[in-house]
There are 6 protein chains.
Amino acid sequence: MTRILWINPVGTSAYDAPIGEELRREAAPDTRVDVCSLPGVGPQHLEWNALEAVVAGPTMGVIRWAAEQQRYDAAIIGCFYDPALRGARELAGAMAVTAPAEGCLHIAATVGDQFSILVGRKKWIPEMHENVVKYGFANHLASFRVLDMSVDEFQSDPQATQKRILAEAEQAVAADRADAVVLGCTIEFGFYREVQAQVGVPVIDAVTAPLRFAEFLAAIGADHGWRTSRAGGYDPVPPREAKWIPLVAPVLDIDPRQ
Amino acid sequence: MTRILWINPVGTSAYDAPIGEELRREAAPDTRVDVCSLPGVGPQHLEWNALEAVVAGPTMGVIRWAAEQQRYDAAIIGCFYDPALRGARELAGAMAVTAPAEGCLHIAATVGDQFSILVGRKKWIPEMHENVVKYGFANHLASFRVLDMSVDEFQSDPQATQKRILAEAEQAVAADRADAVVLGCTIEFGFYREVQAQVGVPVIDAVTAPLRFAEFLAAIGADHGWRTSRAGGYDPVPPREAKWIPLVAPVLDIDPRQ
Amino acid sequence: MTRILWINPVGTSAYDAPIGEELRREAAPDTRVDVCSLPGVGPQHLEWNALEAVVAGPTMGVIRWAAEQQRYDAAIIGCFYDPALRGARELAGAMAVTAPAEGCLHIAATVGDQFSILVGRKKWIPEMHENVVKYGFANHLASFRVLDMSVDEFQSDPQATQKRILAEAEQAVAADRADAVVLGCTIEFGFYREVQAQVGVPVIDAVTAPLRFAEFLAAIGADHGWRTSRAGGYDPVPPREAKWIPLVAPVLDIDPRQ
Amino acid sequence: MTRILWINPVGTSAYDAPIGEELRREAAPDTRVDVCSLPGVGPQHLEWNALEAVVAGPTMGVIRWAAEQQRYDAAIIGCFYDPALRGARELAGAMAVTAPAEGCLHIAATVGDQFSILVGRKKWIPEMHENVVKYGFANHLASFRVLDMSVDEFQSDPQATQKRILAEAEQAVAADRADAVVLGCTIEFGFYREVQAQVGVPVIDAVTAPLRFAEFLAAIGADHGWRTSRAGGYDPVPPREAKWIPLVAPVLDIDPRQ
Amino acid sequence: MTRILWINPVGTSAYDAPIGEELRREAAPDTRVDVCSLPGVGPQHLEWNALEAVVAGPTMGVIRWAAEQQRYDAAIIGCFYDPALRGARELAGAMAVTAPAEGCLHIAATVGDQFSILVGRKKWIPEMHENVVKYGFANHLASFRVLDMSVDEFQSDPQATQKRILAEAEQAVAADRADAVVLGCTIEFGFYREVQAQVGVPVIDAVTAPLRFAEFLAAIGADHGWRTSRAGGYDPVPPREAKWIPLVAPVLDIDPRQ
Amino acid sequence: MTRILWINPVGTSAYDAPIGEELRREAAPDTRVDVCSLPGVGPQHLEWNALEAVVAGPTMGVIRWAAEQQRYDAAIIGCFYDPALRGARELAGAMAVTAPAEGCLHIAATVGDQFSILVGRKKWIPEMHENVVKYGFANHLASFRVLDMSVDEFQSDPQATQKRILAEAEQAVAADRADAVVLGCTIEFGFYREVQAQVGVPVIDAVTAPLRFAEFLAAIGADHGWRTSRAGGYDPVPPREAKWIPLVAPVLDIDPRQ
């Protein structure tokens, strides 16, 4: 059994249950996925990088809790900015850590040659582009396309959202020569199957893709020792410094099957 | 159960049994791995790109056999040059196809920031570098390091080979700031665990890594429809053209567990 | 006298005569150009990379025949994917080898700053882009433009083809700021002079350009010893391995002037 | 008068006074520089990215305090990782914000062609390299050189530190062809003048350089309206979201001259 | 007091007075800016690179005059091609030298993430793009946009020019996702404030930006010794060679305030 | 017959005769090569970019003389900095223009995969690197290697020079994995054949290579109309502007065979 923790790095548990359902539906049979969010009231989403900064510290605390106390096999920091992934890996010990952009892009660049990322707002693009470059996929990026929707709008009128996603996905294929589409926000969940069926190219979902990538990382870590290298940038936080990063017990939505 | 075909794209079955054993030892529990090589006598390895050209056609025939007649879930073209991967994907239908460099590099660039690839001969570097660029990982490449060994030497004196690999792996970490090491030939199999234990960074094996990556691709294809996109470069070969690519039934080493 | 072999790497001799005429019309006065195709029936074109794989082996055999038995000064592998060029160079000894994309791009990037490549199908782009990057000209690439024609359509209604080429060439200049145009398929032969006259920028032809580049390479090889380096990726195939690459005597259209 | 706030984004005020002295000595005559650190006990330095995550939130709060309540002309987030600079700019309104790597690299790439960055630990390199790429200076990077010292060692034996810095700076020039040297940590302050005099190339200091760059940004903002653009990635945090980012009044070392 | 020389590298003094007025209006309070042009009649602008070549020699002579006889703190070679900047730096001794593209791009890439450069003619783009790459800002370039105006048209009907600039600036933001605009010719002076007010993103002026950047370079040179490095490409011209570069006393428009 | 003008863009005719001999020995049989230098006394070489600036104007004048009055088929600006090549092309009409770096690099990147450029002084590297990038060959550059010799030393003790070149060429192959070597100064003429014979990889000569490339460009211009495009950066200087570029009749060493 692989135990995975999905972290909604926000100060609301509103998305925990629906994302949990989605994750459990999409996971491998022997995967158990708990979903959590940050304790206390805080940002409802991370569209602004300043909000990302605010939740970065507590997220590190949750990573410590997950790695040291709960011994999850993998954790996913559930925002397409992949916030604080470097820091999380320093803290995670044997636990794998990944995040939506990393998971989506490795898949998209393999099943296709050129992908388009559908973002909510133009504002998101520079930081996300920085990650595309960091992971190595700049030459596989056909385009960013803007849905002109905010995070909190994606699930309020699902049919309208799906229509918007489909329209931009079709344009990505027709105008930008994308042969894969990436949904650039975790809250765009629930749409990929239908859009994929209609647009005819792989539509990589920002919840499901990092989940499967996390399972993969957990498996190769356990089976072959291919875990985060400690010889370079992911040098682990030593105990004398870890004291500055208090453990945080998150609000938790536990997989009912375990 | 996931059925995977490892193709040794050479005209000798000498490596089929030992690679088969290695693959079955390293695979996920529900994976069955058959190993095959090309029928008839042919190149014993693909160090020269002209040899790669010679086996490219028959390899396409094996891909057709695997996809159309045997319906494998995934196939791996077992040479670190990733020969004819584009063509294979055109032919593979719903079957996933991958190859060692692709599998190794996606893993190496995730568990570390900078990897070094250990090749047998300097001669291999330009084509392999072309693939590093193609997959997007040029900025994650710390170095190529040359073992000064040919393919057919790797398994002839395993202790000597392991010593060479360890020496270069240590230099990759110390001198090139690699924090992961990739074994740049499938016939470097059998050494990664020991070298990894000694050098202290992930050592990504060119047999095991693409196997696990193939399992991953098969799973996301089956579960989410994330299969090779048909909208761009992987447009499938139409029936009227497929006639030029005769099916090839390979020499087969079947997984005894199925 | 410079003796050049143009290889149509396909299993039809249908294009040998017309391409031969074109080549002899366009060549330097002291160049003799034989044209050949692969013996036996096979792919009529290489639009799919799997077809390219099928002809790669026989093409190597023709290269050996040309270099070892016929001692051509240069050979051209006549497909804009530049198939198996690395392997061909390993085998070619003192004979120069080039291919259409290489020849065209060196010229286009010299007579202009930004070129557009006119391809038949969107499907061709990823592999061709890989070659643009390999040769170094990614920053000189204004665009790929798609004619929406297959290889076998180019010569069936020449006037219609020329009109399509002209339309896209004009758009390349006007919309993409290309100041040179490259015809991205050898079967787009016969159009460049007229299109060039009308569009007013250099239109680089995929038959004539590699011919002239081959003459150039043959000359600098013979006169200055600037032949394929054997110290790196083009390390020659040693005799013990060459046995796996049987010589292939092609179907031959001999230059009548020799 | 230009009022600048230097933020030591750490939970110790130990460096505030010495850095304040250094800043006031190096600033333009009409600049007043206050130095602050985070209230409460916290990380003493940010060598690990997880520590950077921990201070990111409070640093945003200090930015709000500085911009909204104190109306500084510019703020500097005083760590060479340039932590949370995107978020800070979203919050800063008319106040300029910069950070050491940004300031140093713009200068180094102008006074020289190739610079070397002297870091304390190999561990720092990947995140810093990511910033070098982000700012555009990857092709100006001659090398990272490692001093093998931790942040808290730099000021403990200044003579030894200076000797180490000088040795690596000389190697950077001699072996890596650097023609400028960047000190890759703010706590490497106090050494640049002497090292520069000895090594003979510009040695860009991580305290002084961002100070001067901040003065420059403040001036062009005030005089020409060239302030952080709000049309893209630096879209400002709207009031409804700012509530998640409480103002933080830092520990403050005020410029005695104001 | 900082003494700066703006060089109009053309054989007409027609622009000296208006540019001088603009510079003095925009400069820091303690800056004095003299403006000069080349003696004798010569090119009125440098739209063609051949004209740039013609003025390169006399410009070097003016640089020597400015550095050796007049001891300016900084000089600006006032053409957006940044002509002969390398040579000028070799000759400039302690004097800082910069040029419009350098100054504009450092600012634009800091206040925004993506900038668009508004050029007069398509013809200007390749050389300017070469400079964008040289300075490191290729990934910050959203687009070049063409005003379809010649240098000598910019000031002949200012209202029409401003309208053209505004129209393209708006398109740069709307269509190319630029969040900053750069005016790609010094003779586009006088428009930036109004366009900026209307388009709502920073509009970086090719006269004011290099002026402020020159002040900055002069200050960090004087205060910290961060002057052009002499260890690499800017190795100074030795006296034995300087004789080939005769001093040139330019036509001079002196700042009335000094 | 192809008539080519080699321009030594310096104010000494000292190299005209020996370079002329070399050129005529190396040219195609039907090529006639005149060699010229600038009238009047001037820089003896162009090691400093300021010297390059000084000769840029007169060189443009020679280009006009060559193109308009003498109707050469091609001209070569004989310095490895490729000085003022853009301007020359604007002026050259139907005449081809090239320069040593352009010619050498196109050849080196074709006969090998990775080349090393042997320069006299470290000081030359930044501008030459800029050209390597401009032409597209950055990924083919193995290294610059420094001979620590000035231009005027190359021919003073030929045996010593050849020894230095050989030593660095051998290191380029052994240590930098170069499989081709480029001599990065025209005054390194006369050595390539011997060094090439000893080092065993192509050694591309900065006199012979651009000569042969110029012949090639002249041929494809005459035969196919593939001349400098006038639709982009090489827009020709119009007559109203050409008056600023007076024709210059150079000191001329005429090919005795014409």
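The values are calculated or read from the model by the stated rules, or taken from the named source; none is laboratory data. Source: prediction; values computed, not measured. Backbone-built Cβ (ideal geometry, glycine too); neighbour counts: all protein chains shown. Note: areas computed on protein heavy atoms with side chains; ligands, DNA, RNA excluded. Shrake-Rupley method; radii C 1.70, N 1.55, O 1.52, S 1.80 Å.
At 1.4 Å probe radius, can you tell me the per residue accessible area of chain C in Å²? Mind dumping the intermediate values first?
On the way: 7690 Å² over 258 residues.
For chain C, the solvent-accessible area averages 30 Å² per residue.
Please give the helix A:49-64 orientation as an angle from the longest Cα principal axis of chain A, in degrees from 0 to 90, rounded to the nearest 10.
The answer is roughly 40 degrees.
What distance in nm lies between label points placed 7 Å from Cα along the C-beta direction at B:A197 and A:A160?
So the label points at B:A197 and A:A160 sit 6.1 nm apart.
Going down the list A:K243/D:K123; D:K123/E:K134; D:K122/F:K122; F:K122/F:K163; C:K163/E:K123, which pairs span over 24 Å between their C-alpha atoms?
On the way: A:K243/D:K123 20 Å; D:K123/E:K134 29 Å; D:K122/F:K122 28 Å; F:K122/F:K163 19 Å; C:K163/E:K123 27 Å.
Violating the 24 Å Cα-Cα cut-off are D:K123/E:K134; D:K122/F:K122; C:K163/E:K123.
By DSSP, what percent of the beta bridges with both residues in chain A are antiparallel, rounded to the nearest 5?
About 10 percent, rounded to the nearest 5.
Summarise the accessible area of chain C (1.4 Å probe, protein heavy atoms) by the percent that is carbon and sulfur.
It is 50 percent, rounded to a whole number.
Based on alpha-carbon atoms only, what is the radius of gyration of the stretch B:111-197 relative to the globular estimate 2.2 N^0.38 Å? Don't skip to the end; give the middle numbers.
Details: Rg = 12.3 Å, N = 87, 2.2 N^0.38 = 12.0 Å.
This ratio for the stretch B:111-197 stands at 1.02.
Per residue Cα convex hull volume for the protein assembly as shown, in cubic angstrom?
161
Scan chain B for the residue whose Cβ is closest to the axis carrying it onto chain A, then write down that distance in whole angstrom.
Rotation axis B onto A, closest Cβ, rounded to whole Å: B:G136, 2.
Considering only A:I245, A:Q258, A:A209, whose Cα is most displaced toward the positive end of the charge dipole of the stretch A:206-258, charges sitting on Cβ of Lys, Arg (+1) and Asp, Glu (-1)?
A:I245
Could you give the Stokes-Einstein D for the stretch A:43-136 in µm² per second, using the C-alpha Kirkwood radius, 10 °C, 1.306 mPa s?
Rounded to a whole number, D works out at 112 µm²/s.
Put a label point 7 Å from Cα along the Cβ direction on B:Q198, then list its distances to the equivalent points in the other copies in nm, shortest first.
Spelled out, the distances from B:Q198's label point are 4.0, 4.0, 5.9, 6.9, 7.3 nm.
Rounded to whole Å and sorted largest first, list the principal axis extents of the Cα atoms in the stretch E:182-236.
Cα spread of the stretch E:182-236 along its principal axes, largest to smallest: 45, 22, 16 Å.
What's the long-distance tail for the stretch C:110-258, i.e. % of Cα pairs beyond 21 Å? Could the numbers behind the result be given before it?
On the way: 6199 of 11026 pairs.
Here the long-distance tail beyond 21 Å is 56 percent of all Cα pairs in the stretch C:110-258.
Give, ordered by residue number, each residue of the stretch E:223-250 whose 1.4 Å probe accessible area is reduced by a minimum of 50 Å² on adding the remaining protein chains to the chain alone.
The answer is E:H224, E:W226, E:S229, E:A231, E:G233, E:E241, E:W244 - residues whose exposure falls by at least 50 Å² when every protein chain is included.
Could you tally the net charge around B:A231, taking each other residue with its Cβ under 10 Å from the Cβ of B:A231, Lys/Arg +1 and Asp/Glu -1?
Taking every other residue near B:A231 into account, the sum is +1.
Report, to the nearest 10°, how far helix B:158-176 tilts away from the longest principal axis of the Cα atoms in chain B, using its own Cα long axis and a range of 0 to 90°.
With both axes taken from Cα atoms, the answer is about 70 degrees.
When N is the residue count of chain C, what does its C-alpha Rg come to as a fraction of 2.2 N^0.38 Å?
Details: Rg = 17.3 Å, N = 258, 2.2 N^0.38 = 18.1 Å.
This ratio for chain C stands at 0.96.
Please list, in chain and number order, the residues 5+ apart from D:D82 or on another chain whose amide H is under 5 Å from its amide H, with Hs placed from the backbone.
The answer is D:A101.
Using alpha carbon centroids, what distance separates the stretch C:39-60 and the stretch A:182-258, in Å?
43
Whole-Å semi-axes of the stretch B:160-211's equivalent ellipsoid, largest first, each the root of 5 times a Cα gyration tensor eigenvalue?
After diagonalising the Cα gyration tensor, the semi-axes are 17, 12, 9 Å.
Between copies, how far does the label point of B:R71 sit from its twins, in nm, shortest first, when each point is 7 Å from Cα along Cα→Cβ?
Taking the point 7 Å beyond Cα along Cα→Cβ, the inter-copy spacings are 4.2, 5.9, 7.6, 7.6, 9.0 nm.
Short version: what are the Cα gyration tensor semi-axes of the stretch A:1-85, square root of 5 times each eigenvalue, largest first, in whole Å? Could you put the intermediate results ahead of the total?
Working: eigenvalues 91, 43, 22 Å².
For the stretch A:1-85, the semi-axes come out at 21, 15, 11 Å.
What are the residues whose amide H is under 5 Å from the amide H of E:V182, where those residues sit 5 or more places off or on another chain and H is modelled from the backbone?
Counting only residues 5 or more places away or on other chains, the set is E:S116, E:I117, E:L118, E:I204.
Within the stretch B:35-97, report the trypsin sites (Lys or Arg not before Pro) that DSSP leaves as loop and that have at most 16 other Cβ atoms within 10 Å.
Qualifying residues, ordered by number: B:R71.
Starting from the amide H of E:A96, placed 1.01 Å from N in the peptide plane, find each other amide H under 5 Å away whose residue is 5 or more places distant or on another chain.
E:A74, E:A75
For the stretch C:30-72, what value does the Rg/Rh ratio take when both radii are computed over Cα atoms and Rh is the Kirkwood radius, given to two decimals?
Taking Rg over the Kirkwood Rh, I get 1.04.
Quick check on chain E: helices-only [θ] at 222 nm, where DSSP H runs of length 4 and up contribute -39,500 (n - 2.57) each and the sum goes over total residues. Nearest 500, please.
-12500 deg cm²/dmol
Can you give the average number of partner chain beta-carbon atoms within 10 Å of each beta-carbon in peptide B:191-198, as a whole number?
1
If you restrict to DSSP beta bridges whose two residues both lie in the protein assembly as shown, what percentage is antiparallel, to the nearest 5? Before the final figure, lay out each step's value.
Details: 18 of 168 bridges.
That works out to approximately 10 percent antiparallel.
About the Cα centre of the protein assembly as shown, how large is the charge dipole given +1 on each Lys and Arg Cβ and -1 on each Asp and Glu Cβ? Please answer in debye to the nearest 20.
Details: 138 positive and 198 negative charges, 0 e Å.
In total the dipole reaches around 0 debye.
For E:V251 and E:R121, FRET efficiency with R0 = 30 Å and r from the beta-carbon atoms, rounded to 0.05?
Efficiency, rounded to the nearest 0.05: 0.65.
Got the relative contact order for chain D handy, in percent, Cα pairs under 8 Å and 6 or more residues apart?
27
Using packing as a proxy for protection, rank B:215-224, C:1-10, F:233-242 so that the peptide with the highest average count of other Cβ atoms within 10 Å comes first.
My ranking of the peptides, most packed first, is C:1-10, B:215-224, F:233-242.
Working from Cα positions, state the angle (0 to 90°, nearest 10) between the long axis of helix F:208-224 and the longest principal axis of chain F.
With both axes taken from Cα atoms, the answer is about 40 degrees.
In nm, one decimal, shortest first: how far is the label point of E:R25 (7 Å from Cα along Cα to beta carbon) from the matching points in the other copies?
Its label point is 4.2, 6.3, 6.3, 6.5, 8.0 nm from the equivalent points in the other copies.
Mind putting a number on the dipole of chain E about its Cα centre? Charges go on the C-beta only, +1 for Lys and Arg and -1 for Asp and Glu, and I need it in Debye to the nearest 20.
560
For the stretch C:27-44, just list the computed ³J(HN,Hα) in residue order, Karplus coefficients 6.51, -1.76 and 1.60, θ = phi - 60°, integers in Hz, with x standing in for Gly and Pro.
6, 5, x, 9, 9, 10, 10, 8, 10, 9, 9, 7, x, x, 7, x, x, 8
Excluding ligands, DNA and RNA, what is the accessible area buried between chains B and C, summed over both sides, using a 1.4 Å probe, to the nearest 100 Å²?
Chain pair B/C: roughly 3000 Å² of buried accessible area.
For the full complex of protein chains and a 1.4 angstrom probe, list D:D16, E:D176 by accessible area with the highest value first.
I get E:D176, D:D16, largest accessible area first.
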